[in-house]
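Enquirer: Sending over a structure as structure tokens; questions will come in a sec.
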Amino acid sequence: MALTDIQKENIIEYLLYAERDVHEVIKITDEYPSLTIDEAYDIQDGLLARRLKENNTKRVGIKLGLTSEAKQKMMGVNEAIYGYLHEDMLETEWEPIQHAELIHPKAEPEIAFFIDKDIEGDKITAEDILQATKYVAPALEIIDSRYKDFKFTLVDVVADNCSSVKFVVGSKLSLTDDIDLGNIGMVMSKNGKVEQTGSSSAVLGHPVKAMVWAANMLAKRGQGFKKGDVVLSGAMSEAIAIEVGDTVTAEFEGLGSVSLSCE
Ligand code: OOG
Ligand code: MG
């Protein structure tokens with residue numbers, strides 16, 4: 001049965017306060033098992049509109065999620081998803097992330113695309129994405145599902161803005177012409193010990209392919225990449241849990257590296 005507007009509003013409040021009050025909540029499909037993917041994106045839209053206002057922040061980009069087989073397997077789903085990045089999610093390499101502000105954060109390695117041209121419409125090609133990309137850069141996303149034990153279904157995670165909470169972009173910017181984007185090796189370490197290795201080919205076969213997928217998905221809801229957006233193209237490996245005192249570094253062949261620490 002379709003959700004009423006009041007039910008959607010209740011879910012929005014529920015997820016908004018889970019983030020604000022830093023506490024995990026029972027996934028929403030336990031109460032609304034027939035929630036559809038469209039309704040989940042409606043909730044995401046409503047949640048983000050509220051979040052922008054309450055945190056007095058602004059949209060700075062988009063994140064793709066579950067673009068790799070490793071992540072789909074880890075989460076037990078078989079579809080990619082997208083969510084939005086806000087300015088107050090942007091962290092720097094030199095300021096530690098505050099663990100107390102997060103529920104159960106995990107870090108994952110991604111390639112960031114800097115978009116300098118609006119991309120809209122449902123016939124977007126790899127060529128369009130490459131032409132609109134000013135630079136690519138190494139990035140770490142911190143995800144922090146609001147759901148208990150980081151467990152959810154596809155529609156739960158979409159409603160929760162795809163677990164978005166923080167992200168850090170490394171300082172080395174590269175032109176796409178200079179890089180074989182489909183074949184970048186990656187090593188992610190925690191406190192000097194290798195935790196994950198991967199390749200950009202894990203991201204739907206090629207991160208640009210993931211970007212094309214997302215642009216066409218966004219178009220279905222009348223949205224798209226905008227000039228000035230930073231887009232996280234999806235994790236290249238499984239995410240790793242971060243605790244107080246940890247330093248995580250991801251090194252990408254040819255792209256440089258990016259680190260974050262947590263206190
Ligand atoms: C959902 C977000 C996934 C990615 O890069 O695959 C994601 C989650 O795993 O909690 O950001
Ligand atoms: Mg991610």
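Enquirer: If I ask for residues that are within 16 Å of Tyr82 (Cβ to Cβ) and of a type in the set (Ser, Thr, Tyr), which ones from segment 1-51 would you list?
Expert: Within segment 1-51, just Tyr41 meets the criteria.
Enquirer: Moving on. Just one of (1) surrounded by fewer than 19 Cβ atoms within 10 Å (Cβ to Cβ); (2) in contact (Cβ under 8 Å) with a residue 60 or more places away in the chain trips up Ser201, so point out which.
Expert: Here Ser201 clears every test but (2).
Enquirer: Looking only at segment 129-148, decide whether some residue is touching a His at 6+ places or on another chain (Cβ under 9 Å) and polar (S, T, N, Q).
Expert: Initial filter on segment 129-148 (touching a His at 6+ places or on another chain (Cβ under 9 Å)): 144-146.
This time we only want the ones that are polar (S, T, N, Q), so: 145.
Yes, the conditions are met somewhere in segment 129-148.
Enquirer: Need pairs with beta-carbon distance below 7 Å; first residue touching a residue at least 40 places away in the same chain (Cβ under 8 Å) and within 18 Å of Thr249 (Cβ to Cβ) and within segment 93-113, second basic (Lys, Arg) and surrounded by fewer than 23 Cβ atoms within 10 Å (Cβ to Cβ); sequence gap 6+ or separate chains.
Expert: Correct list of pairs: Ile97/Lys166.
Enquirer: Continuing with the same structure: When you scan segment 175-198, how many residues do you find that are surrounded by fewer than 14 Cβ atoms within 10 Å (Cβ to Cβ) and of a type outside the set (S, T, N, Q)?
Expert: Residues that pass the stated criteria total 7.
Enquirer: Any idea which residue in segment 100-123 is surrounded by the fewest Cβ atoms within 10 Å (Cβ to Cβ), counting only those that are within 11 Å of ligand 1 (Cβ to nearest atom) and part of a strand (DSSP E or B)?
Expert: Lys106
Enquirer: Specify which of the listed residues (Ala18, Ala49, Ala2) is hydrophobic (A, V, I, L, M, F, W, C), within 15 Å of Val165 (Cβ to Cβ) and more than 15 Å from ligand 2 (Cβ to nearest atom).
Expert: Result: Ala18 is the single residue among Ala18, Ala49, Ala2 that is hydrophobic (A, V, I, L, M, F, W, C), within 15 Å of Val165 (Cβ to Cβ) and more than 15 Å from ligand 2 (Cβ to nearest atom).
Enquirer: Among the residues of segment 200-251, which ones are aromatic (Phe, Trp, Tyr) and within 15 Å of ligand 1 (Cβ to nearest atom)?
Expert: Hit for segment 200-251 is Trp213, nothing else.
Enquirer: Still on this structure: Can you tell me which of Ser237, Ser174 is farther than 17 Å from His104 by Cβ, at pLDDT 95 or above and in contact with a strand residue (DSSP E or B) (Cβ under 7 Å, 6 or more places away or on another chain)?
Expert: When all the criteria are applied, what remains is Ser174.
Enquirer: Being surrounded by fewer than 18 Cβ atoms within 10 Å (Cβ to Cβ), within 11 Å of ligand 1 (Cβ to nearest atom) and either charged (D, E, K, R) or closer than 18 Å to Asn216 by Cα (or both) narrows it down to one of Lys151, Lys71, so name that one.
Expert: Going through Lys151, Lys71 in turn, just one is surrounded by fewer than 18 Cβ atoms within 10 Å (Cβ to Cβ), within 11 Å of ligand 1 (Cβ to nearest atom) and either charged (D, E, K, R) or closer than 18 Å to Asn216 by Cα (or both): Lys151.
Enquirer: I need the full set of residues from segment 52-89 which are under 12 Å from Ser164 (Cβ atoms), among the hydroxyl-bearing types (Ser, Thr, Tyr) and either in contact with a His (Cβ under 7 Å, 6 or more places away or on another chain) or more than 12 Å from ligand 2 (Cβ to nearest atom) (or both), in order please.
Expert: Tyr84
Enquirer: So if I check each of Ile81, Ile97, Ile62, Ile37, which one is within 30 Å of Pro207 (Cα to Cα) and modelled with pLDDT under 95?
Expert: Being within 30 Å of Pro207 (Cα to Cα) and modelled with pLDDT under 95 holds for just one of Ile81, Ile97, Ile62, Ile37, which is Ile37.
The values are calculated or read from the model by the stated rules, or taken from the named source; none is laboratory data. Because the structure is a prediction, the values reported are computed rather than measured. Cβ: placed from backbone, ideal geometry, glycine included. Neighbour counts: every protein chain shown.
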